[in-house]
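The values are calculated or read from the model by the stated rules, or taken from the named source; none is laboratory data. As the structure is a prediction and not an experimental result, all values here were calculated from the model. Please note: Cβ atoms are built from the backbone with ideal geometry, for glycine as well, and neighbour counts cover all protein chains shown.
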Amino acid sequence: MSQYTIAVVVGSLRRDSLNAKLATALERLGPPGFSFNRVLIGDLPLYNQDADAQEAAPAVARFRAGIAAAQGVIFVTPEYNRSLPGALKNALDQGSRPYGKSVWAGKPAGVLGVSPGAAGTAMAQQHLRNVLVFLDMPTLAQPEVFLQAKEGLFDAEGNIGQASHGFLQGWMDRYAGLVRRCAA
């Protein structure tokens with residue numbers, strides 16, 4: 001059986017982030033042969049093209065290595081002002097540069113998020129998907145996951161609650177299939 005490492009990038013920097021909690025619960029739904037590596041973005045400096053000519057800052061080098069070592073990437077993001085968080089956009093930029101050395105190209109992506117609002121993170125996900133197309137990341141199109149944070153989304157142990165478990169297990173199974181197809 002093949003082994004797959006999936007980088008997990010959480011767009012929220014908040015200590016008690018719902019999206020970090022969702023990422024942890026989602027990782028528990030992974031199939032055999034899949035492992036998950038949370039790649040942190042909070043310590044990345046703001047992208048500046050002037051830095052492309054220099055040795056990468058340690059945080060950037062660590063981040064790029066974490067993405068490069070993975071066979072796929074799951075993005076779990078909140079929605080800020082009807083778009084993706086600035087920290088996540090900065091991470092996308094850091095990983096895509098210098099030009100011609102993107103760590104994103106060809107890596108299958110999964111996109112989801114949770115929000116207190118009824119629309120979940122629909123706009124953030126759409127904006128993120130636009131960027132992923134440019135970064136040449138085949139992205140799972142269906143099912144889309146726009147979760148509203150409600151009582152029962154997570155159980156007492158932090159797992160996906162009963163009402164959403166089947167749906168999110170189906171999402172994970174479809175994403176794992178995309179990763180396997182891209183690796184073949």
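Would you tally the residues in region 104-120 being buried (at least 21 other Cβ atoms within 10 Å of the Cβ) and out of contact with any Asp or Glu (no Cβ under 9 Å at 6 or more places or on another chain)? Qualifying residue count for the region: 4. Quick check on Leu88: is it within 25 Å of Glu144 (Cα to Cα) and either at pLDDT 95 or above or hydroxyl-bearing (Ser, Thr, Tyr) (or both)? Taking the combined requirement at face value, the residue satisfies it.
Name the residues in region 148-184 that are among the charged types (D, E, K, R) and either loosely packed, with under 12 Cβ neighbours inside 10 Å or at positive phi (or both), would you? Steps first, answer last, please.
We begin by selecting, within region 148-184, every residue among the charged types (D, E, K, R); these are 150-151, 155, 157, 173-174, 180-181.
The answer is Glu151, Glu157, Arg181.
For region 121-134, what are the residues that are more than 14 Å from the chain's Cα centre (by Cα), surrounded by 15 or more Cβ atoms within 10 Å (Cβ to Cβ) and under 22 Å from Arg174 (Cβ atoms)? Residue satisfying the conditions is Ala122 alone.
Pick from region 32-84 the residues that are closer than 19 Å to Thr139 by Cβ and in a loop (DSSP other than H, G, I, E, B): which of them is nearest to the chain's Cα centre (by Cα)? So the residue we want is Thr77. Scan region 113-126 and tell me whether some residue there is part of a helix (DSSP H, G or I) and of a type in the set (Ser, Thr, Tyr). Within region 113-126, none of the residues are part of a helix (DSSP H, G or I) and of a type in the set (Ser, Thr, Tyr). Per the conditions (1) at positive phi; (2) crowded, with 21+ Cβ neighbours inside 10 Å, the sole criterion not satisfied by Gly100 is (2).
Name the residues in region 157-184 that are in a loop (DSSP other than H, G, I, E, B), under 18 Å from Leu18 (Cβ atoms) and without any contact (Cβ under 8 Å) to a residue 12 or more places away in the chain, would you?
We begin by selecting, within region 157-184, every residue in a loop (DSSP other than H, G, I, E, B); these are 157-159, 161, 184.
Subsequent filtering for residues that are under 18 Å from Leu18 (Cβ atoms) retains 157-159, 161.
Those that are in a loop (DSSP other than H, G, I, E, B), under 18 Å from Leu18 (Cβ atoms) and without any contact (Cβ under 8 Å) to a residue 12 or more places away in the chain: Glu157, Gly161.
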